[in-house]
1. Going down the list Lys55/Lys109; Lys8/Lys109; Lys55/Lys93; Lys25/Lys118; Lys100/Lys120; Lys8/Lys55, which pairs span over 26 Å between their C-alpha atoms?
2. Quote the convex hull volume per residue of region 48-98, based on C-alpha atoms, as a whole number of Å³.
3. List the GluC sites (Glu not before Pro) in region 44-105 that DSSP assigns to loop (not H, G, I, E or B) and whose Cβ has at most 16 other Cβ atoms within 10 Å. Which are they?
4. Grab the other residues whose beta carbon is less than 10 angstrom from that of Ile97, score K and R as +1, D and E as -1, and report the net.
5. Using only Cα positions of region 1-83, each an equal point scatterer, no hydration layer, compute I(q)/I(0) via Debye at q = 0.26 Å⁻¹ and quote the log10 values to two decimals.
6. Would you mind counting up the charge near Thr16? Only other residues with Cβ under 10 Å from its Cβ, with Lys and Arg at +1 and Asp and Glu at -1.
7. Please label the shape of region 1-147 as rounded, prolate or oblate, based on the square roots a ≥ b ≥ c of the eigenvalues of the alpha-carbon gyration tensor (a/c under 1.5 means rounded; beyond that, a/b larger than b/c means prolate, else oblate).
8. Hey, can you grab everything whose amide H is under 5 Å from the amide H of Ile116? Only 5+ residues off in sequence or another chain; H modelled, so Pro and N-termini drop out.
Amino acid sequence: MFINYIYKMRGYSISTFHRDITSSKSIFNTIYPVYTYITYHNIGRLLSIAPNSYKTTPFLWNRALTIRGFENTGILFDCDLIHAGAINEFGDKRFAIQYKICHQEDLYKLTHLIGINKIKIGKCSNSYYYEYFLRKLSLLLPFIFNHLLTNLLQEKPEKDSFFDIIISKFYIGDFYL
């Protein structure tokens, strides 16, 4: 079933590799997999994934590839799949909408997602090389970012704390729900 959850991203891409730890089967111990469905409203490079990485959680043993698509392309994937938004080549016109899907027997474990309706409007103002560096770093160290720092990524750290600065400025930006 679709969870009553919608997350819109305009002019913004979470371009570091990650697992969706706010809805992950491996973190929330759901019976069935939980899925992310994203519709992209641009043509070109949309999403980078590490194929089959949901099978090796919490580790990563394979390389990433980038999915290209047309306007209104929808991509469905397991929340434990390592993925990253493609580096933004659309500027302010980049637009994607994210949904969450779970089995009805697991909904009670994901109640923190119910009712979320957020739009993130941002500017990808980092240089291409900086963003490329962060992508590679996040792809090399997914265990550290997605599993050792899970609690810090699930809830926004105290404003201007060390972890807030590291996560917001250097890793994934302000994606918090």
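Derivation of every value follows stated rules applied to the coordinates shown; laboratory data play no part. What you see is a predicted model; the values in this text were computed from it and never measured. So basically every Cβ, Gly included, is an ideal-geometry build from the backbone, and we count neighbours across all protein chains shown.
1. Values: Lys55/Lys109 21 Å; Lys8/Lys109 23 Å; Lys55/Lys93 34 Å; Lys25/Lys118 22 Å; Lys100/Lys120 17 Å; Lys8/Lys55 28 Å.
Over 26 Å apart, Cα to Cα: Lys55/Lys93; Lys8/Lys55.
2. Numbers: hull volume 4.6 nm³, N = 51.
Per-residue hull volume (Cα only) is 90 Å³.
3. Numbers: sites: Glu71, Glu89, Glu105; in loops: Glu71, Glu89.
For GluC sites (Glu not before Pro) across region 44-105 that sit outside H, G, I, E and B with at most 16 neighbouring Cβ atoms in 10 Å, the list reads Glu71, Glu89.
4. On the way: positive: Lys8, Arg10; negative: none.
Neighbour charge sum, excluding Ile97 itself: +2.
5. -1.44
6. +1
7. Working: a/c = 1.82, a/b = 1.23, b/c = 1.49.
Verdict is oblate for region 1-147.
8. For Ile116, the qualifying residues are Ile6.
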